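Okay, structure first, notes after.
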Amino acid sequence: MSEPVLQTTKTFPAKRFAKGAVFCPACRVRMEEALPQCTSCGFTGEHTLKLFPGGAPSFQTIIDTDSHWSEKELVILRKEIKKMRQHFPQIYWSILSLSLAEEAALPLFNFWFFNVSPLAESETIEQRQWTILLTLDRSNQRAVVTAG
């Protein structure tokens, strides 16, 4: 018996989500607002350009750099993401699977990737603001989530 699919088109005002906390991606100190430089540790987004030189691919629903998932698993992941989009139509999901060096700070990597990755051909800046990026570091068994 198949699971019932809830059809929802409810959207949520952005101001409802804007009340969320802002944290420095480097020292994780809570900040009252997004600032160009952390008042606690001095971090700026520019620091990540030195930590992760080079470019990043554009956002896709699934970015599997290590070819970790089989075609069957990719079909299942896409199906589940499609279900989540039905429940939460404003939110765009992206799953990035890769292997990083053990010493690489995964939260900083996600911050960097989110900010330097060019828009995909079908992506808009508004969609990026509503994207949730789940990054899986396969070699170190770590995961981190970053919201736009």
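Could we say that ALA21 is among the small types (Gly, Ala, Ser), modelled with pLDDT under 85 and either under 30 Å from PHE88 (Cα atoms) or under 20 Å from the mean Cα position of the chain (by Cα) (or both) here? Give the steps one after another, and end with the answer.
Details: among the small types (Gly, Ala, Ser): yes; modelled with pLDDT under 85: yes; either under 30 Å from PHE88 (Cα atoms) or under 20 Å from the mean Cα position of the chain (by Cα) (or both): yes.
The answer is yes for ALA21.
Somewhere in region 57-66, is a residue hydrophobic (A, V, I, L, M, F, W, C) and loosely packed, with under 14 Cβ neighbours inside 10 Å? Explain how you work it out, then say what you get.
Here is the first cut: in region 57-66, the ones hydrophobic (A, V, I, L, M, F, W, C) are 59, 62-63.
Of the ones still in play, those that are also loosely packed, with under 14 Cβ neighbours inside 10 Å are none.
Checked against the condition, which is being hydrophobic (A, V, I, L, M, F, W, C) and loosely packed, with under 14 Cβ neighbours inside 10 Å, region 57-66 yields no hits at all.
Specify which of the listed residues (ASN140, ASN110) is outside the structural domain of ALA26 (by TED's automatic domain parsing), under 18 Å from GLY45 (Cα atoms) and either touching a helix residue (DSSP H, G or I) at 6+ places or on another chain (Cβ under 8 Å) or in contact (Cβ under 8 Å) with a residue 24 or more places away in the chain (or both).
Working: ASN140 fails: under 18 Å from GLY45 (Cα atoms).
ASN110 is the lone residue from the list that is outside the structural domain of ALA26 (by TED's automatic domain parsing), under 18 Å from GLY45 (Cα atoms) and either touching a helix residue (DSSP H, G or I) at 6+ places or on another chain (Cβ under 8 Å) or in contact (Cβ under 8 Å) with a residue 24 or more places away in the chain (or both).
Under 6 Å by Cβ, and 6 or more places apart or on different chains, what pairs join a residue from region 61-81 that is closer than 25 Å to LEU100 by Cα with one that is assigned to a helix (DSSP H, G or I)?
As it stands, the answer is THR61/ILE81; ILE62/LEU77; ASP66/ARG138; HIS68/ARG138, since those pairs meet every condition given.
Could you list, in sequence order, all residues of region 27-55 that are closer than 16 Å to VAL116 by Cα and among the charged types (D, E, K, R)? Please lay out each step first, then the result.
In the first step, residues of region 27-55 are kept if they are closer than 16 Å to VAL116 by Cα; the result is 36, 44-55.
Listed by number, the residues that qualify are GLU46, LYS50.
Looking at (1) in the same structural domain as GLU123 (by TED's automatic domain parsing); (2) within 18 Å of LEU133 (Cβ to Cβ), find the lone condition where GLU103 falls short.
Condition (2) is where GLU103 drops out.
What is the one condition in (1) surrounded by fewer than 10 Cβ atoms within 10 Å (Cβ to Cβ); (2) at pLDDT 50 or above that GLU3 does not satisfy?
Every listed condition holds for GLU3 apart from (2).
What's the total number of residues in region 39-59 that are in contact with a strand residue (DSSP E or B) (Cβ under 9 Å, 6 or more places away or on another chain) and either charged (D, E, K, R) or farther than 17 Å from PHE109 by Cα (or both)? Write out each step before concluding.
Filtering region 39-59 down to residues in contact with a strand residue (DSSP E or B) (Cβ under 9 Å, 6 or more places away or on another chain) leaves 39-40, 57, 59.
Those left that are additionally either charged (D, E, K, R) or farther than 17 Å from PHE109 by Cα (or both): 39-40.
Matching residues across region 39-59 total 2.
Sort out which residues of region 97-142 are surrounded by 14 or more Cβ atoms within 10 Å (Cβ to Cβ) and closer than 16 Å to ILE81 by Cβ, and write them in order of number.
Answer for region 97-142, where residues must be surrounded by 14 or more Cβ atoms within 10 Å (Cβ to Cβ) and closer than 16 Å to ILE81 by Cβ: SER97, ALA120, GLU123, GLN127, TRP130, THR131, ILE132, LEU133, LEU134, THR135, LEU136.
Could you please tell me which pairs satisfy a Cβ distance under 9 Å, a separation of 6+ or placement on different chains, a first residue in region 19-47 that is surrounded by 13 or more Cβ atoms within 10 Å (Cβ to Cβ) and in a loop (DSSP other than H, G, I, E, B), and a second residue that is at pLDDT 85 or above and of a type in the set (D, E, K, R)?
Hits for this filter: CYS24/ARG30.
Residue under question is SER58, and the condition is that it be out of contact with any Leu (no Cβ under 9 Å at 6 or more places or on another chain) and closer than 22 Å to PHE114 by Cβ; does it hold? Break it down into steps so the answer makes sense when it comes.
Working: out of contact with any Leu (no Cβ under 9 Å at 6 or more places or on another chain): no; closer than 22 Å to PHE114 by Cβ: yes.
So SER58 fails the test.
The values are calculated or read from the model by the stated rules, or taken from the named source; none is laboratory data. Because the structure is a prediction, the values reported are computed rather than measured. Don't worry about glycine lacking a Cβ; one is built from the backbone with ideal geometry, like all the others, and counts go over all protein chains shown.
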